[in-house]
Amino acid sequence: MGALPLQGASSTVALPGSEQNKGPSITTTAPEKPKKKICCACPDTKRLRDECIVEHGESACAKWIEAHRLCLRAEGFNI
């Protein structure tokens, strides 16, 4: 019997012109574009922030507001 290929097995072959054979690549320092709309990003921190503001007022919720801002920045938003 002939050898059967293994399922889930992969092999890497370097072909001429492939990424492995190119010189150093140039990287840009432009910020990454957000993958989501701002309204859909960070739902957990958004919910906690909103609930705190409704129950206690904005001045008492600085911790949650900042946590949501940090999450949005991590998602690529410039706020």
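Read the figures in this text as sums done on the coordinates, not as results from a lab. None of the values given here were measured: they were computed from a predicted structure. Every residue, glycine as well, gets a Cβ built from its backbone with ideal geometry; the counts of neighbours run over all protein chains shown.
Key figures
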quantity	calculated
Net charge, LYS37 excluded, C-beta distance under 13 Å - Lys, Arg +1, Asp, Glu -1	+3
Label-point separation in nm, ALA74 to SER59, each point 7 Å along Cα→Cβ	3.0
Net +/- balance of residues flanking GLU66 in space, Cβ distance below 11 Å, scoring K and R +1, D and E -1	+4
Cross-link reach list, aspartates and glutamates versus LYS33, counting only Cα pairs under 16 Å and skipping chain neighbours closer than eight places	GLU75
